[in-house]
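Quick notes on the structure that follows.
The values are calculated or read from the model by the stated rules, or taken from the named source; none is laboratory data. Values in this document were obtained by computation on a predicted structure and should not be read as measured data. Backbone-built Cβ (ideal geometry, glycine too); neighbour counts: all protein chains shown.
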Amino acid sequence: MRRDRTRTTPSMMDRALGERLPVLAAALRGPGTASGDARAEVLTLLTGADDDVTWLALAVISGQLPTTATVQRVRRAAQLDGPEVILKAALEALRIEGGRAEVQVASGAVVIDIEHLSRTSLGTGIQRVTRETLKRWAKDHEITAAGWLTDHTAMRRLTEPELSVALGHTKAVLAPVGMAPAVRRPQVIVPWESTYVLPEVVLEPGRTRRLEPLFRFSRSRTAAIGFDTVPLTSAETSAADVPPHFALELAAIRHVDRVATISEAAGTEYLGWRTMVRSMGLAGPDIAAISLPVEAAEPSPAALAEASCRYVVPTIPMVLCVGSHEPRKNHLAVLHAAELLWRSGVEFSLLFVGGNAWKSEGFTQRLAELRASGRPVESVLGLSDRLLWALYSLAHCTVFPSVNEGFGLPVAESLASGTPAITSQFGSMLEIACDGGALTVDPRDDHSLAAALRSLLTDRALHERLVLETRSRPQRTWDQYAAETWDYLVDQNVSAAAGL
């Protein structure tokens with residue numbers, strides 16, 4: 001069995017130190033001729049070290065990214081007692097790490113941190129955004145794809161199979177809990193004078209504690225995609241551990257150079273957060289909204305036939321609701337609006353597509369009650385993309401009355417498929433609806449939601465008008481989105497550092 005920790009032997013320690021001292025010396029020295037004694041050269045280069053150099057030395061020699069507290073403690077000690085203190089602290093950490101990894105300093109590289117994406121085959125929400133963007137970045141640019149050791153002490157270069165999973169070419173095969181992927185000798189990456197991009201959400205405290213000093217001390221240009229601040233603005237709808245972990249991510253992200261949000265609404269949230277950051281005397285990141293695209297997939301005749309046979313009730317229209325059942329998605333309100341209409345004699349079926357999530361027990365119970373009473377309502381999960389796009393095409397309309405979204409991908413996907421949508425009258429959902437094809441409602445008003453649903457189910461002229469509006473919506477592709485985010489997060493970021 002392979003774990004991140006292996007038994008340390010003197011030979012492993014000697015080998016690791018012999019490999020890592022020249023790597024550190026080269027990174028600190030830059031272009032030039034190495035001296036014959038790497039240890040002596042490193043000590044000379046560490047004389048008068050600031051936080052940046054101290055961080056690099058600890059990271060390279062120990063094979064672990066140090067925390068801010070460790071960097072500052074060691075740097076202060078070295079100011080009093082000399083550079084040997086830095087090397088001693090790094091060697092002590094090396095004894096713990098065991099010398100198992102090959103350490104590489106990534107200078108001048110573009111490091112893309114896709115730890116989550118390399119371990120999952122999920123294709124919804126954040127994973128879909130990251131995967132579609134990564135595919136195009138990897139095709140058009142030279143990137144260094146990185147994940148993390150399972151103890152979140154260091155970044156490592158992804159293997160080819162892991163990158164294949166991240167790109168969606170193969171399915172993920174998860175290692176048992178506590179086990180590392182089958183990497184014979186991981187290649188630990190230490191970004192230094194490079195560009196680092198985080199296109200996913202980080203909720204592991206150990207990882208965020210090590211990212212924060214990387215952003216501060218690695219002399220790199222840093223950037224992230226900002227999806228939303230839901231764990232702060234709608235904390236009551238989140239799992240109990242998500243808000244505090246998300247707050248730790250924001251504590252790290254406040255030190256990056258740029259954040260590209262996925263909508264204007266998400267940009268407003270991040271700008272508000274940056275205002276709070278500036279009260280601490282920090283500038284915070286530059287923030288720009290780069291809205292997500294949606295490209296509808298044309299369902300095959302076979303997919304349409306399969307979805308129709310399995311999920312469509314003959315002779316009555318089908319209403320589709322896509323998304324997980326966490327409270328902010330407001331699916332209890334959808335069930336209530338549907339029951340109001342069923343009791344008034346409106347005929348339709350209601351299909352939910354999405355998995356259970358935290359605090360979804362109320363939805364599950366109410367769904368079971370309605371099904372037991374004979375209502376034509378169903379919830380499915382684990383649906384393939386081919387069937388999901390078929391359902392978008394088969395639906396009479398979709399409903400997505402969320403109370404808080406970074407973007408609202410199901411609304412955009414529905415409209416891109418030519419199917420009218422009912423969604424919330426504010427935030428990113430209103431941004432999407434403004435281009436036509438949708439009705440907007442107050443998601444906190446059950447009767448407003450029921451009235452909109454009634455209109456789309458009973459007013460043929462309204463439905464036809466909205467269908468026509470979907471066909472004239474502006475087109476935006478993943479190629480455009482990937483190019484714009486790369487330009488802002490990487491090219492412009494590097495140019496800004498160079499004063500260009």
(request) Check S35 against each of (1) more than 38 Å from the chain's Cα centre (by Cα); (2) assigned to a helix (DSSP H, G or I); (3) among the hydroxyl-bearing types (S, T, Y) and name the one condition it does not meet. (result) (2)
(message) Please verify whether A390 is in the same structural domain as A452 (by TED's automatic domain parsing), surrounded by 16 or more Cβ atoms within 10 Å (Cβ to Cβ) and small (G, A, S), treating the condition exactly as stated.
(response) yes
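Residue-by-condition table, conditions (1) buried (at least 24 other Cβ atoms within 10 Å of the Cβ); (2) farther than 16 Å from K88 by Cβ; (3) touching a strand residue (DSSP E or B) at 6+ places or on another chain (Cβ under 6 Å):
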residue	(1), (2), (3)
A34	no, yes, no
A40	no, no, no
D50	no, yes, no
A57	yes, no, no
S62	yes, no, no
P66	yes, no, no
A69	no, yes, no
R73	no, no, no
(message) Quick test for you: out of T470, T458, T485, pick the one residue that is more than 30 Å from Y196 (Cβ to Cβ), touching a residue at least 60 places away in the same chain (Cβ under 8 Å) and among the hydroxyl-bearing types (S, T, Y).
(response) T458
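Quick grid of which residues meet (1) without any contact (Cβ under 8 Å) to a residue 40 or more places away in the chain; (2) hydrophobic (A, V, I, L, M, F, W, C):
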position	(1), (2)
P231	yes, no
S238	no, no
T261	no, no
A265	no, yes
Y270	no, no
R274	yes, no
(message) With the requirement that a residue be charged (D, E, K, R) and over 27 Å from S234 (Cα atoms), what does the range 322-347 give you?
(response) R343, E347
(request) Taking A57 as meeting all but one of (1) touching a residue at least 40 places away in the same chain (Cβ under 8 Å); (2) assigned to a helix (DSSP H, G or I), write down the number of the exception. (result) (1)
(message) Go through the range 418-432 and report how many residues are surrounded by fewer than 23 Cβ atoms within 10 Å (Cβ to Cβ) and either at positive phi or assigned to a helix (DSSP H, G or I) (or both).
(response) 3
(request) Please give the number of the condition V60 fails out of (1) under 30 Å from W137 (Cβ atoms); (2) of a type in the set (A, V, I, L, M, F, W, C); (3) touching an Asp or Glu at 6+ places or on another chain (Cβ under 7 Å). (result) (3)
(request) Taking the options A49, A40, A26, name whichever one is touching a Pro at 6+ places or on another chain (Cβ under 8 Å), modelled with pLDDT of 90 or more and assigned by TED's automatic domain parsing to the domain that holds L80. (result) A49
(request) Within the range 333-349, work out how many residues are surrounded by fewer than 17 Cβ atoms within 10 Å (Cβ to Cβ) and of a type in the set (D, E). (result) 1
(message) Against the definition (among the hydroxyl-bearing types (S, T, Y), surrounded by fewer than 16 Cβ atoms within 10 Å (Cβ to Cβ) and over 25 Å from the mean Cα position of the chain (by Cα)), how does S448 come out, yes or no?
(response) no
(message) Taking the conditions exactly as written (touching a helix residue (DSSP H, G or I) at 6+ places or on another chain (Cβ under 6 Å) and either within 25 Å of R221 (Cα to Cα) or in a loop (DSSP other than H, G, I, E, B) (or both)), does G99 satisfy them or not?
(response) yes
(message) Here's a check for you: in the range 468-500, which residue that is touching a strand residue (DSSP E or B) at 6+ places or on another chain (Cβ under 9 Å) and of a type in the set (D, E) is farthest from G226 (Cα to Cα)?
(response) E469
(request) Among the helices (runs of 4 or more DSSP H) lying completely within the range 205-262, list those that include at least 3 residues that are within 29 Å of V188 (Cα to Cα). (result) 205-217, 242-253
(message) Could you tell me how many of the residues in the range 267-304 are part of a loop (DSSP other than H, G, I, E, B), among the hydrophobic types (A, V, I, L, M, F, W, C) and either under 19 Å from the mean Cα position of the chain (by Cα) or within 30 Å of A251 (Cα to Cα) (or both)?
(response) 6
(request) Collect the residues in the range 21-32 that are in contact (Cβ under 8 Å) with a residue 60 or more places away in the chain and either over 14 Å from V103 (Cβ atoms) or in contact with a strand residue (DSSP E or B) (Cβ under 7 Å, 6 or more places away or on another chain) (or both), keeping them in residue-number order. (result) V23, A27
(message) I need the helices (runs of 4 or more DSSP H) fully contained in the range 457-497, keeping only those with at least 1 residues that are within 18 Å of the chain's Cα centre (by Cα), among the aliphatic types (A, V, I, L, M) and surrounded by 18 or more Cβ atoms within 10 Å (Cβ to Cβ).
(response) 478-486
(request) Test each condition in (1) assigned to a helix (DSSP H, G or I); (2) of a type outside the set (V, I, T); (3) in contact with a strand residue (DSSP E or B) (Cβ under 8 Å, 6 or more places away or on another chain) for P443 and report the one that comes out false. (result) (1)
(message) Every residue in the range 350-377 that is surrounded by 21 or more Cβ atoms within 10 Å (Cβ to Cβ) and among the small types (G, A, S), please.
(response) G354
(message) Could you list, ordered by first residue, the pairs with Cβ atoms under 9 Å in which the first is in the range 287-303 and without any contact (Cβ under 8 Å) to a residue 40 or more places away in the chain and not assigned by TED's automatic domain parsing to the domain that holds S414 and the second is in a loop (DSSP other than H, G, I, E, B) and surrounded by 19 or more Cβ atoms within 10 Å (Cβ to Cβ), at least 6 apart or interchain?
(response) A289/I262; A289/S263
